[in-house]
Amino acid sequence: MLIWFTPQEKKELSIGTSNMGKKISLVTTICLTLVWSESIFSLLLVAGWERVADVAYAQSLTFYQAKTIRIVVGSDSGGLYDLWARLLAKHMPKHIPGNPNMIVQNMPGAGGLAATNYLYGMTKADGLTVGMFQAHRYMQQLTGVEEVKFDLRKFNWIGTMEKTEVMFFVRADAPYKSFDDVLKSSEPLRCGATGSTDGTYLLAKIFEETLRAKFNLVVGYQSGNAIDLAMEKGEVICRGMIVTGHFSREPFITWHKKGFDRHLAQSGQKRDPRMAEVSTLGELMDKYKTADVNRRVAQVILAGNEYGRPMVTPPSVPPDRVRILREAYSRALKDPQLVAEAKQSRLEIEPASGEELQALTERVMNQPAEVIERVKKLIGE
């Protein structure tokens, strides 16, 4: 608020007359009244919006009754995404008001890209379709892949059941006792990968960018199981993959009993207790004084680990239904029956909320041009 004084008032102000003092007191009272009124109005406005949101949420509590929710999974049946989707489809409904049915629809194709495009642009925004797609979708959008028809920032993130840190390992009969030996080697390590978003491929490229390691990547294996078999045959000697998968299934359980493989590096912020002697990437970058821009490139590429195996809804689903799904997802992951079944299947639960994933997406997608160009170069886009 601007207050103007006449020449006479300015004169009175300079000599401090009583009339001028009364005017100033009046102006002060008016100003305080306006400020108080605006504050009250703001509080009422916020309270009003909260009331509207609460009413909408209460009305949505009956929406899912006698309905069916689809979980669209961007991979074939039998994999970990499919396994988690079916586990959630079994236990989430009892935590959703109305106890709806929940079914799983597998939609492989283009490495899960088809399912992500479908969720974004071809489904109704009614809260009856959710999706689970591969964590590295953000890389395709960030690097401008032509087939991408979505904006991850517009999805509603429901949550993830685990953070999928990755690890790098070699055959135990290879001449590498630590990652320091890899860096000293004049011969590139021969590693197997399925493609440019495969864990082996991405880890190798990160090691090349941040630590100047050398790799000979054999790309084109049809699956992780094919790479495991190639390691057993000696076609390749190294691989990268998700930590939880490595410690929860065959052939790795048998490998560990026989001492077939050796772990050399891991991506987590801190060392996994099962690999307490193995350096993290952060520790290696500190040791070899990796430049800040290279560190940022590594952080972008490894952000997929924080996504885990996320669940989303399409854009524009009403906020009250998103809230219901987020709450149900969180409660399901604490459900004793789900926890028991996950433990029986050797699945680990380290959840992150939908709000956390929403913030992660904003952070990851906001990168300087230099970082994006380096990422493009690394993954071969």
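Computed from the coordinates by the stated procedures, all read-outs in this text should not be read as laboratory data. On a predicted model such as this, the values are computed, not experimentally measured, just so you know. Cβ atoms come from the backbone with ideal geometry, glycine included; neighbour counts cover every protein chain shown.
Key figures for this structure:
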{"read-out": "About the Cα centre, charge dipole magnitude for the range 223-287 (Lys/Arg +1, Asp/Glu -1 at Cβ), debye", "value": "140 debye"}
{"read-out": "Eligible aspartates and glutamates near residue 177 by straight Cα distance, threshold 16 Å, same-chain separation 8 or greater", "value": "187, 261, 277"}
{"read-out": "Residue 180/residue 291 FRET efficiency (R0 25 Å; Cβ-Cβ; nearest 0.05)", "value": "0.80"}
{"read-out": "Members of 184/205; 163/334; 184/270; 124/154; 184/233 lying beyond 19 Å, as alpha-carbon distances in this model show", "value": "184/270; 184/233"}
